1. Which residues, counting only those in the range 1-58, are touching a strand residue (DSSP E or B) at 6+ places or on another chain (Cβ under 7 Å), without any contact (Cβ under 8 Å) to a residue 40 or more places away in the chain and not hydrophobic (A, V, I, L, M, F, W, C)?
2. Determine which single condition ALA271 fails, assuming it passes every other condition in (1) of a type in the set (Gly, Ala, Ser); (2) touching a helix residue (DSSP H, G or I) at 6+ places or on another chain (Cβ under 8 Å); (3) not in a loop (DSSP other than H, G, I, E, B).
3. Out of curiosity, is SER382 in contact (Cβ under 8 Å) with a residue 24 or more places away in the chain and closer than 30 Å to ALA107 by Cβ?
4. Going residue by residue through the range 389-399, is there one that turns out to be in a helix (DSSP H, G or I) and either under 25 Å from the mean Cα position of the chain (by Cα) or buried (at least 17 other Cβ atoms within 10 Å of the Cβ) (or both)?
5. List pairs: first in the range 293-312 and in contact (Cβ under 8 Å) with a residue 40 or more places away in the chain, second part of a helix (DSSP H, G or I) and acidic (Asp, Glu), Cβ under 9 Å, 6+ apart or cross-chain?
6. Within the range 292-343, which residues are part of a loop (DSSP other than H, G, I, E, B), among the acidic types (Asp, Glu) and closer than 22 Å to ALA86 by Cβ?
7. State the number of residues belonging to the range 349-358 that are surrounded by fewer than 22 Cβ atoms within 10 Å (Cβ to Cβ) and part of a helix (DSSP H, G or I).
8. So, in the range 115-140, of the ones that are over 18 Å from ASP155 (Cα atoms) and not charged (D, E, K, R), which residue ends up surrounded by the most Cβ atoms within 10 Å (Cβ to Cβ)?
Amino acid sequence: MSRIRDISDVVEQRLCTGCGACAYIDPGLEMVDDLEVGRRPLGRSQPGLQVCPGIGLEHEAMPAGALPDLAAGWGPVLAVYEGYAADPEIRSLASSGGAATALALFAVERAGMYGVLHIAARRDIPWLNETILSRSRAELLAATGSRYAPASPCDGLDRIEAAPAPCVFIGKPCDVAAAHRAARLRPALGARLGLSIAIFCAGTPSTAATLDFIRTLGIDDPTAVDSVRYRGRGWPGRFRARVGEREVSATYADSWHALQSRRQWRCYVCADHTGEFADVAVGDPWYREIPENEPGRSLVLARTERGRALIESAIAEGYLVLAPASPDILAASQPELLKTRGAVWGRIWATRLLGVAAPRYRGFPMLRFWWRELSGWEKLQSVIGTIRRVFRKRLRHRLKLAPYRVDEEPPRSHRS
């Protein structure tokens, strides 16, 4: 069951993250949307395995200057900052403080980079995502805000490779890990990957989860919506869906509670939620209660010297308002992630016990966190709960993709 011979095995055994890097390496693959599963490559490919983050990740030695107290749980971190975009419009529209957008804009306007490869809502179907290359402030602003739905930004890496100057890449942690693997494989891409920015990620919910949630807000036909925003326009902002002049909304907490239960399986066994392979990683500083109407703030990690140099330059040039923060702020802001790192060890152990495919990690200490961070009950749940999921989600059976076609009616029921 767990033997991986090509990309179709990765998909059928539910290890695919949907990043799209395999489709960049092998143009014979087609990325399709399965509304219950996510963005997936359609076809067979062995070359695609060389860049696939779904089958596993490996850390090399920590870079010089990495903070030793953070390395085991958070990967390479050279510096921690807290702050926000100096541009008030970017700060307001963004999911938190707009640091990722502001840094990307600085890279294009002042650091000589050609553009920013990232995702945005599809123009024709706003509840789906597409990969775009933005080259201006207006284009970046139009795509601000988190997208808690499947996306495959690596399927556009050919645009970076073909660009006349280095570019910025923004994606989830798995996307960034795949992009850096691809850059090592393709020197032309490596020469053009000027900066990678990862957004902290708690998992990717299915598109069907978004459509069902829109229905609960009173829109019977979610395919009719003109726009969907998951966050932003405040911190953390509200979920918003609009049809014509009518807009429905929900709190960030209520929307995430509904969406997170429909995350793809691979996210349950993910050891990297904070972009450990990026130059810069950005998340929310949730270490304190956030008063209503407080302007957004960002937690920013410099993971490489290149990332730190660009952050410091963006501060000096007035694009970012950031101050150095204590390393302790990271665990305080993301209090569940060390537990998650430990729980992943138990989940992987349980899946392998049942003969189900699981990713392989090297350089990601997990057992110590399973032992230290989890209570006895949580340790048991990481194993017993996973065994239950294996049978409930039918993980011992190969997945059959159901590619969505535009003229189809989106499903109303959850396919396991």
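1. GLU30, PRO41, GLY43
2. Checking ALA271 against (1) of a type in the set (Gly, Ala, Ser); (2) touching a helix residue (DSSP H, G or I) at 6+ places or on another chain (Cβ under 8 Å); (3) not in a loop (DSSP other than H, G, I, E, B), the one that fails is (3).
3. Spelling it out, it is not the case that SER382 is in contact (Cβ under 8 Å) with a residue 24 or more places away in the chain and closer than 30 Å to ALA107 by Cβ.
4. Yes, the range 389-399 contains at least one residue that is in a helix (DSSP H, G or I) and either under 25 Å from the mean Cα position of the chain (by Cα) or buried (at least 17 other Cβ atoms within 10 Å of the Cβ) (or both).
5. From residues that are in contact (Cβ under 8 Å) with a residue 40 or more places away in the chain, the pairs are ALA302/GLU312.
6. Across the range 292-343, the qualifying residues are GLU294, GLU317.
7. The total comes to 4.
8. That would be LEU140.
The values are calculated or read from the model by the stated rules, or taken from the named source; none is laboratory data. Quick caveat: nothing in here was measured; it's all calculated off a predicted structure. All Cβ positions, even for glycine, are placed from backbone atoms using ideal geometry, and neighbour counts span all protein chains on display.
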